[in-house]
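Structure, as structure tokens:
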Amino acid sequence: MRNRNANIILRGISVLFLSATIVLTIFSLINYSRSRNNYPLGMTIAGVPVGGLTPAQASQRLLEVYTSPIELLYGDAIIQVEPAVIGFQPDVDGMLAAADLTRTGGSFWSGFWDHLWNREPAPVAIPLRATLSEERLRDYLQSEIASRYDLPPTPAQPVPGSTTFLPGLPGQTLDINRAVIIISDALKSPDQRSVLLTFTRDSAARPTIDNLEILLKQIIQVSDFDGLIGLFMVDLQNGQEIHFSMDNKVEVETEPDIAFTASSTMKIPVIVSFFINRGDNLDEDTRRDINLVLGQSDNNATDRILDRIDLNFGPLIVTGDVEAIGLKSTFLSAYFSPERPIIAPTRNTPGNQRADVNTHPDPYSQTTTSEMGTLLMDIYLCSQTGGGALLAAFPDRMNQSNCQSILDFMALDRLGALIQGGVPDGTLVPHKHGYVPDPSDLIIHDISDTGLVYTPGGNFVLSIFTYHPIQNIWDITNPLFADLTRAVYNYFNIATQ
């Protein structure tokens with residue numbers, strides 16, 4: 001009887017435990033089934049934690065993260081940008097589908113077993129899926145950022161009444177290629193959504209050539225020179241020109257350009273013509289004479305060079321050669337020594353037929369500011385690239401070596417005044433200056449200089465001719481030449497002025 005009662009008790013206890021086990025198992029099964037409706041703990045989608053969330057909740061969280069504005073920092077500006085505006089679209093449905101496959105794709109009972117033993121599943125990371133229109137992003141950066149926030153460089157400005165310039169300010173330009181990369185990274189990040197945009201510094205621009213021309217005219221107007229002046233300048237980097245004339249500080253027309261006495265500047269065409277007609281095979285006597293012509297402005301040596309061109313008609317051949325390269329108001333009809341005969345009458349040219357201005361030029365040796373400057377420009381272009389009118393007119397008789405030789409000889413003219421007086425010591429300035437007393441009154445009325453100035457910031461040709469009907473006073477005209485040259489030099493070399 002006692003044993004029977006014990007068996008009943010044991011059987012009851014067993015049923016009780018079995019019932020409890022079944023109940024707990026069913027309860028755990030229900031909980032596990034419910035948990036499979038949510039994403040497993042530790043899961044991330046596109047870097048966003050979604051463990052324990054339903055697909056709807058996960059979708060909402062992903063949209064909150066990846067459609068939130070990104071912050072662009074550019075200079076002092078802070079710009080908020082909606083991702084959709086620049087063509088960024090997260091593929092939320094695609095990412096959730098991949099997450100669902102991970103959530104429901106495993107064995108139910110295997111997962112339930114792990115759940116019973118409280119084994120956490122391995123973390124799962126679903127990568128970002130999104131599309132980005134680089135074209136829309138670039139368009140936005142150009143039209144909305146660069147166009148509004150880029151800073152153009154401020155050009156240097158001339159200081160009125162001086163030969164100097166106020167330095168300009170550098171500009172900034174958005175680095176669009178770099179911006180595309182770092183914005184793309186920010187759009188794809190759940191938490192790093194602030195971007196510091198980079199830019200390139202643009203050097204401060206040189207003043208415009210129009211500003212330089214204004215400054216040069218102001219220098220003349222405040223000077224003590226009250227005669228006639230012609231100025232011609234060429235930027236040898238881009239061919240831009242300045243050309244003007246002023247009579248007693250009032251601007252006059254430059255077309256046709258005004259005829260001046262050429263005086264010793266005519267020795268440039270003489271030596272050019274010698275190389276055209278006799279080549280560069282120079283004997284010692286010829287080399288010495290060219291040194292004297294261009295280095296010391298020796299008239300007798302110039303006549304010997306003219307005789308080497310042609311014993312009877314050297315000056316006329318020089319005139320013909322410059323006409324061949326388009327110089328219509330430059331001519332030589334006599335030798336330089338007064339005892340030599342005049343070999344041709346004076347000529348009518350566009351420059352000396354003007355009725356509004358008259359410099360009373362030498363009837364046998366004339367040129368204009370622009371024609372002498374143009375000739376020197378052609379010599380330079382010939383020496384550098386084999387270009388210019390000289391080689392075009394005389395392709396079989398002129399070459400780069402000839403042209404460079406002419407410039408080397410011209411560099412021997414070390415006057416240290418006029419154009420050379422306006423540049424720093426050591427600056428290379430091949431040039432030829434000229435001034436001569438008028439035979440009628442033995443007073444100097446004309447002072448001129450044409451030079452090629454080599455500078456770190458760019459090379460230029462400068463040609464200046466002056467005339468005064470009473471007297472061209474050196475102590476007034478020489479500083480004016482130097483100031484004009486200094487202003488042009490500073491224009492090309494703002495940083496070192």
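Read the figures in this text as sums done on the coordinates, not as results from a lab. The shown structure was predicted, so the numbers you read here are calculated from the model rather than taken from an experiment. Positions of Cβ are generated from backbone atoms using ideal geometry, with glycine treated the same way; all protein chains shown enter the neighbour counts.
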Centre separation in Å (Cα based) which lies between segment 423-457 and segment 341-371
20
Taking the chain and counting helices only, DSSP H stretches of n ≥ 4 at -39,500 (n - 2.57) each over all residues, the nearest-500 ellipticity at 222 nm comes to -13000 deg cm²/dmol
Those trypsin sites (Lys or Arg not before Pro) in segment 202-275 that DSSP places in a loop and that have at most 14 other beta carbons within 10 Å:
Lys249
Quick check for you: which residues of segment 358-401 have the amide N under 12 Å from the point 7 Å beyond the Cα of Ala344 toward its beta carbon?
364-366
Using all C-alpha to C-alpha distances in segment 241-329, build P(r) with 5 Å bins and read off the rounded percent in each one.
3, 12, 21, 20, 15, 10, 9, 6, 3, 1
As straight-line cross-link partners of Lys328, the qualifying aspartates and glutamates (C-alpha separation under 13 Å, not fewer than 8 residues apart within one chain) are Glu255, Asp257, Glu371
1/(1 + (r/R0)^6) with r = Cβ-Cβ of Asn300 and Leu412, R0 = 22 Å, i.e. FRET efficiency to nearest 0.05, evaluates to 0.80
Provide the descending list of Cα extents for segment 415-459 along its principal axes, expressed in whole angstroms.
45, 15, 11
Stretched out fully, how many nm does the piece from Asp283 to Thr254 gain, at 0.36 nm a residue minus the Cα gap?
6.2 nm
Taking a crude spin-label model, label points 7 Å out from Cα along the C-beta direction, the Leu196 to Leu442 distance in nm is 7.9
Cut-off is 10 Å between beta-carbons; in what order do Met372, Met398 appear when sorted fewest neighbours first?
Met398, Met372
When a/c reaches 1.5 or more, the comparison of a/b and b/c decides; with that in mind, is segment 177-221 rounded, prolate or oblate per its Cα gyration tensor?
prolate
Counting only backbone N atoms under 15 Å from a point 7 Å out along Cα-to-Cβ of Asn238, the residues of segment 446-470 in range are 457-460
Sequence of Tyr380, Tyr140 once ranked by neighbouring C-beta atoms within 10 Å, starting from the fewest:
Tyr140, Tyr380
All other residues with a Cβ under 13 Å from the Cβ of Glu251 taken together, and with Lys, Arg as +1 and Asp, Glu as -1, what is their net charge?
-3
Within straight-line cross-link reach of Lys188, aspartates and glutamates at Cα separation under 15 Å, skipping those fewer than 8 residues along the same chain
Glu64, Glu71, Glu82, Asp91, Glu134
Debye intensity ratio I(q)/I(0), log10, the chain, q values 0.07, 0.10, 0.11, 0.12 Å⁻¹ (C-alpha model):
-0.58, -0.82, -0.92, -1.02
Taking 8 Å as the Cα distance limit and 6 or more residues as the minimum spacing, I'd like the relative contact order of the chain as a percentage.
13
Within straight-line cross-link reach of Lys217, lysines at Cα separation under 24 Å, skipping those fewer than 8 residues along the same chain
Lys249, Lys432
For an R0 of 45 angstrom, estimate the FRET efficiency from the Cβ-Cβ distance between Thr208 and Asp93 and round to the nearest 0.05.
0.15
If we sort 333-344, 62-73 on the protection proxy, mean other Cβ atoms within 10 Å, highest first, what's the order?
62-73, 333-344
Potential extension, Glu134-Val159 segment - 0.36 nm per residue separation minus Cα distance
4.3 nm
Give me the Kirkwood hydrodynamic radius of segment 446-497 in Å, from all C-alpha pairs, to one decimal place?
12.1
Cα pair count fraction exceeding 37 Å, expressed as % - segment 209-496
7
If the label point sits 7 Å along Cα→Cβ of Val222, residues of segment 465-497 with amide N under 18 Å come out as 476-491, 497
